[in-house]
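Visitor: Pasting a structure here, questions to come.
The values are calculated or read from the model by the stated rules, or taken from the named source; none is laboratory data. Remember, it's a predicted structure, so these values are computed and weren't measured experimentally. Virtual Cβ from ideal backbone geometry, glycine too; neighbours counted across all protein chains shown. Each accessible area value is taken on the protein alone, full model and side chains, heavy atoms only, with ligands, DNA and RNA left out. Shrake-Rupley method; radii C 1.70, N 1.55, O 1.52, S 1.80 Å.
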Amino acid sequence: MIDTHTHLYLDRFDEDRSEMIERAMEKGVKRFYLPNIDSSSIESMLKLEAEYPLECFAMMGLHPCSVKENVEEELEIVKKWLNQRPFCAVGEIGLDLYWDKTFFEQQKMAFKTQIQWAKDLDLPIVIHSRDSTQEVIEILREVQDDKLKGIFHCFGGSVEEANAIIELGFYLGIGGVLTFKKSGLDATMKEVDLKHVVLETDAPFLAPAPYRGKRNESAYVALVAEKMAMIKGISVEEVDRITTQNALNIFEKVNI
Ligand SMILES: [Zn+2]
């Protein structure tokens, strides 16, 4: 199994990080993909990657919630790192209209700028989108060149939105929301072919049931896989096989 989106480097795991990673490995999680947030998270992320060179893979990017007055400086730092060493993806990048709309224009600029860098480096992108699915889809339609690919992380939308994203060549990142009652995501997933899906936790956020509201951790990606297996009427092993292959396809550069 692969956790395609997990912030294991955050200080919420300082107390028990290695035990937590051990628990995930015991559940069969073999790889952990680490999305960056902003300049303040780079050091701890790269340190963790260095400690687990075969399991943890860092992305580089500026999260839309970190787009503020200093967006230009933050982007410079992302650019510097992208040109300095290999990363598995540009992420997480995107739009967020839920927390703060003040910097929406800057968010769009930062998103498009980082998409261009991903194209230049032939890297996938990992997209964060909250209350902004249509806006993100519009931007992707503008920039899609049949080569750009990636993951629409923490997808929780309708069948129509899922199809629009799939048509653009993107995978849907499915996490704990799938286990939430009334999320409606189970109904959407019934209609979506698993060949377009990868699994994630977004740890320490969005823990699946029965841990909803608690700290999330990568071992719980197995709970998402179990729920998906129930919804699709197939075995957990089959869900694992398909979604793991999808994840490897996306992050192929580091998997050669
Ligand atoms: Zn995230």
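Visitor: What is the set of long-range amide H partners of Val198 at a cut-off below 5 Å, with H atoms built 1.01 Å from backbone N?
Guide: Residues meeting the amide H criterion: Leu172, Gly173, Ile174.
Visitor: Once the other residues with Cβ under 9 Å from the Cβ of Lys147 are scored (Lys, Arg +1; Asp, Glu -1), what is the net sum?
Guide: Net charge around Lys147: -1.
Visitor: Loop only by DSSP, 12 or fewer other Cβ within 10 Å of the Cβ. Give me the chymotrypsin sites (Phe, Trp or Tyr not before Pro) in the stretch 87-128 that pass, ordered by residue number.
Guide: Tyr98, Trp99
Visitor: Which value, in Å², gives the accessible area per residue of the stretch 2-254 when a 1.4 Å probe is used on the protein heavy atoms?
Guide: 45
Visitor: For the stretch 57-69, take each phi angle, set θ = phi - 60°, evaluate the Karplus expression 6.51 cos²θ - 1.76 cosθ + 1.60, and give the result in whole Hz per residue in order, putting x for glycine and proline.
Guide: In residue order, the calculated couplings are 10, 8, 9, 9, x, 10, 5, x, 6, 9, 7, 9, 4 Hz.
Visitor: Would you please give the residues with an amide H less than 5 Å from that of His5, counting only those at least 5 places away or on a separate chain, with H modeled from the backbone geometry?
Guide: Tyr33, Thr201, Asp202
Visitor: Another question, if that's okay. Principal axis extents for the chain, Cα atoms only, whole Å, descending order, please.
Guide: Largest to smallest, the principal-axis extents are 46, 41, 36 Å.
Visitor: While we're here: Loop-only check: which trypsin sites (Lys or Arg not before Pro) in the stretch 163-256 are DSSP coil with at most 15 other Cβ within 10 angstrom?
Guide: Loop-located and lightly packed - Lys181, Lys182, Arg212, Lys214, Arg215.
Visitor: What list of ³J(HN,Hα) couplings, whole Hz, do you get for the stretch 172-188 from phi and the Karplus terms 6.51, -1.76, 1.60, once you set θ to phi - 60° and write x for glycine and proline?
Guide: Per residue, the Karplus-derived 3J(HN,Hα) values read 9, x, 10, x, x, 4, 4, 8, 7, 5, 6, 5, x, 5, 4, 5, 4 Hz.
Visitor: Taking Cα centroids, how far is the stretch 182-256 from the stretch 26-67 in Å?
Guide: 19
Visitor: What is the percent carbon and sulfur in the accessible area of the stretch 2-254, measuring with a 1.4 Å probe over the protein chains and ignoring ligands?
Guide: The nonpolar share, carbon plus sulfur, comes to 49 percent.
Visitor: Still on this structure, please answer the following. Averaged over all directions, how much area does the convex hull of the C-alpha atoms of the stretch 112-217 cover when projected, in nm²?
Guide: Mean projected area for the stretch 112-217: 7.0 nm², to one decimal.
Visitor: Which far-off residues, 5 or more places away or on another chain, put their amide H under 5 Å from the one on Ile151, with H placed in the peptide plane?
Guide: Under 5 Å from the amide H of Ile151 lie the amide H atoms of Ile125, Val126, Ile127, Tyr171, each far enough along the sequence or on another chain.
Visitor: Can you tell me the convex hull volume per residue for the stretch 1-150, based on C-alpha atoms, in Å³ to the nearest whole number?
Guide: Hull volume over Cα atoms, normalised by residue count, gives 118 Å³.
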